[in-house]
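Here's the structure, in structure tokens; my notes come after.
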Amino acid sequence: MGLLLLLTYSLLSCYLQAGGVVTAQLQRSFTIRGITLSIEPSNDVTRDTNVTLRCQAVVSSLGEEALSREYTIFKDGNRVYSKTSSSSEDLLYPLPQARVSNSGKYKCKINIGGKEETSSVQKLTVTGLSKPVLHLNNDVVREGEEIAARCTAPGETGSIFFYFYKDSKEILERQVSSNQAEAKLHLSNVGSHKIHCDYIVFALPDSFKSNGSDPTTVSVKELSITPVLEIFPQYKIYEGDQLTISCSITNFQDKPENIQLFLSQGTNILSLGESKVNHSMVALAKDPGEFECRLEMGKFAKAATKTVSVTELFSVPTLTLSPAEVFQKENMTLTCRSESYASERLSKEELTFALDPPQSHLMLKGPGVFYGRVLKSDFNYTCVAQAKGIVKHSRTLTVRPKVSVSIPNISVVGQAVLHQSVKILLPLTHPTLTVIPDIAEISEGDHLFLICGVDGTPPVIFTWYRVGNQQPVHNTTSNTNHSNYQVPLLSKEHADNYYCEAVNHANNVVRSDPVIIEVRMALWKKVLIGGFCLLTGAVLVVVLVLCFKSKRGKREAASELSVKPSSPKSDDSNPPITVNLTHDTEVFNADTVRVDKAAVSVWSKRPAESADDEESSLESNEPDVEYTEVVHPQPADPERAPLKKGTDTVYSELQNSPHGAADHHDYQGSVEYAELNGEQPEINHHHPEVNTYQDLPEPVD
């Protein structure tokens, strides 16, 4: 395979080399002396002229062998025709019955064996367009109906724009790539109208416009259906009156399809529908009083309008201040009045006035009259007048209180000598205490600034106090009208009420209003406490879960130890007792113990019954438990190992059945416990992981 590929490659290389040699030899055997393009009969012709483009090339060659020539015709830079020929004759490109769309710039190119030559550009201009033809599907229509129109440019080609006219006014434009265009014409004006069309053919960079088509007359008949607008009441409408507005159409028998009604006030649509719409509203003098009932059917529309005049029930109130200039903490009077009102519809008592928002520092002195003290700062007041559901607001009145000038206490520094300079001190006024940062944002660790400022002549001695403490916390002398007391690292101990005092050489002491400083907990402490609370809650949940699991495990692992006599022998006065340790219903171990019959004392103890016990018993469904003590004397048997003194004590847990009988069960039913004090027999105990005796009660002597 590799040898075959190598052989193929060698042959191809030889062929290409041979072809290259042939091509090179061919190129050396001829020369293109020139190429020209001519337009016959001329470059400017009229429509329907047969035009021919002639491409002529002059080629000199060596020998008689014919050369293969490739011709290409270009129009406005785009290839429109190509042909390959071995003849030396000229190339002819015909344009029969030339149209305006054939107008443009042409050139010719020839290619012989890789050599190319291009002619110069020749421009062809074709004038004259065919007369357009207009066709309409109907010449009598009603208002709102459409006409189907078609305009044709016979025999024309290229990019064509069609235009439609009504009474010589352009109403529609269509661009198509064919010689006809269709359109829907909407005629809304009643009467006769002349419709015609024309077109433009674009042959870049020029364009050519046709003559107009013959006009066609179209008659538009008026629709008998019309909109009707009715408003009640019709006369003397006052603010607050209920307006009823109706928009409808007449002549339902002649009602066309796709009709819609719009009832609007100004630019707001109040309601809409198909045959009739209604709307109710309260008349207001401030609203525009023009209403419109509009009928639309496609692009056809008719409208009926009415203007409603609404008489004011009362005028917009005005708010005035007396006296015109007010001072801090002095008395003032605000008066709210409406200059006019419709006495025929409204009594004076029905018109009420109020402040918006209500002000607690002012009292109502009379209708629309408010009396009280002036605030220390600027404040905005607005009056509201109301009657029969109509509410009107006055313009906002801003009260800017002034500060009363105190009687000056002027003092002179040094002695006053005629014709010599003297220094006069004015007293201090307007003490203020400013806090940085904002009072609502103060917290532990902040840097606190208490800035004391006054008006007056420096130098000034500033002193800061805590309310209730005569000992100042700080004082300083400043050559300006302000100074500050700083607390670099704020803590809870700094929380208090502070004020400052100032005095200058005029010896008048002024004091600021107290400021309450509340020191809030630092953010990092809040985060730490929150984290600790979350951690404590998590630990508590874990402990509760572990306790629940532990109690559940103890209940499931409860075991039973039972004591019962074994089969006695005929010669044995002390019958043995068999001790069984059981868990649920399974016996883990058993052995026999001798017990004396004499001196047996039995006691039992049951918990006192009470309402709580009964509830607990009912809730847990566990039976009552009895404990029984059995006392046995120690036998004197020399063959047995010495026993310790005392008696054997057996504890039994007896469960009373509902009928009073003592039943013995495991944990799910009843459990017996036995303990032998004294002689302890050898018992092969197979204990579960629960101490059988840990919950037994102490015996009572």
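The values are calculated or read from the model by the stated rules, or taken from the named source; none is laboratory data. Just so we're clear, the structure is a prediction, and the values are computed from it rather than from any experiment. Here the Cβ positions follow ideal geometry from the backbone for every residue, glycine too, while neighbour counts run over all protein chains shown. For the accessible areas, the whole protein counts, side chains as well, though only heavy atoms, and no ligand, DNA or RNA atoms are used. Shrake-Rupley method; radii C 1.70, N 1.55, O 1.52, S 1.80 Å.
Taken per residue, the accessible surface of segment 166-293 reaches 57 Å², heavy atoms only and a 1.4 Å probe. In the context of the full protein assembly, residue 363 retains an accessible surface of approximately 120 Å², using a probe radius of 1.4 Å and ignoring ligands and nucleic acids.
A full extension of the chain between residue 29 and residue 46 corresponds to an added length of 1.7 nm, given 0.36 nm per residue minus the alpha carbon distance.
Relative contact order for segment 439-552: 28 percent, from Cα pairs under 8 Å spaced at least 6 residues apart, divided by residue count.
In units of the rule-of-thumb radius 2.2 N^0.38 Å, segment 215-284 shows an alpha carbon radius of gyration of 1.47. Here the average projected area of the convex hull drawn through the C-alpha atoms of segment 119-158 stands at 4.9 nm².
For residue 474 and residue 322, what is the calculated FRET efficiency with R₀ set at 30 Å and r taken between the beta-carbons, to the nearest 0.05? FRET efficiency, residue 474 to residue 322: 0.05. Distance between the pseudo-spin-label points of residue 509 and residue 242 (7 Å out from Cα toward the beta carbon): 7.4 nm. The residues of segment 505-553 have, on average, 81 Å² of accessible surface per residue, using a 1.4 Å probe with all protein chains present. Is the C-alpha gyration tensor of segment 413-481 telling us rounded, prolate or oblate? Criteria: a/c under 1.5 is rounded; beyond that, a/b larger than b/c is prolate, otherwise oblate. Taking the square roots of the gyration eigenvalues as a ≥ b ≥ c, segment 413-481 is prolate. Taking 7 Å steps out from each Cα toward its Cβ at residue 83 and residue 209 produces label points 3.9 nm apart. The Kirkwood hydrodynamic radius of segment 102-186, based on inverse pair distances between different Cα atoms, is 16.4 Å.
Take 349-356, 542-549, 95-102 and order them by the average number of nearby Cβ atoms within 10 Å per residue, most first; the result is 95-102, 349-356, 542-549. Of 264, 60, 280, the order by accessible heavy-atom surface (1.4 Å probe, DNA, RNA and ligands excluded), from most exposed downward, is 280, 60, 264.
With every protein chain in place and a 1.4 angstrom probe, the accessible-area ranking of 464, 524, largest first, reads 524, 464. Using the Cβ-Cβ distance between residue 533 and residue 347 with R0 = 45 Å, the FRET efficiency computed as 1/(1 + (r/R0)^6) comes to roughly 0.10.
Solvent-accessible area per residue in segment 64-142 equals 54 Å², computed with a 1.4 angstrom probe and all protein chains kept.
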